[in-house]
């Protein structure tokens, strides 16, 4: 777990370094339950460059399926109340079944809480969990 934190921390630092603008990082811990069957991570990192609205996301699922690299996310909404980002990961299930998973995370700023949803594209089921985030602002 510490290795994951280090890899993601370096990636987010590299993302923030070239920009003079304020970068906000979210380090989130996700509550786990059996019904999610391993499709949702226990930890999620989001880096948001507020000048360019670029978003970098990383978690153990992304690192496993994306050559140990974080990936670009899409800023869906950012206002005084919440920030929502989305991203798609081509994953492989425990039974070796490939699935394109559409992830969406919404951070509620006043509560410090996160809602995370994952939907396999082309399937009716979905997975969801909640968690809390530590927010850091870097310049």
In segment 65-84, the residues that are surrounded by 12 or more Cβ atoms within 10 Å (Cβ to Cβ) and in a strand (DSSP E or B): 71, 73, 74, 75, 76, 78, 82, 83, 84
Residue in segment 44-53 that is on the phi < 0 side of the Ramachandran plot, assigned to a strand (DSSP E or B) and surrounded by fewer than 18 Cβ atoms within 10 Å (Cβ to Cβ) present: no
Breaking point among (1) modelled with pLDDT under 80; (2) closer than 22 Å to residue 138 by Cα; (3) surrounded by fewer than 19 Cβ atoms within 10 Å (Cβ to Cβ); (4) over 14 Å from the mean Cα position of the chain (by Cα), for residue 15: (3)
Residue satisfying all of: in segment 85-101; farther than 12 Å from residue 57 by Cβ and surrounded by 15 or more Cβ atoms within 10 Å (Cβ to Cβ); modelled with the highest pLDDT among these: 101
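The values are calculated or read from the model by the stated rules, or taken from the named source; none is laboratory data. Here the structure is a predicted model, which means the values were calculated and not measured. Glycine gets a Cβ as well: all are built from the backbone with ideal geometry, and neighbour counts include every protein chain shown.
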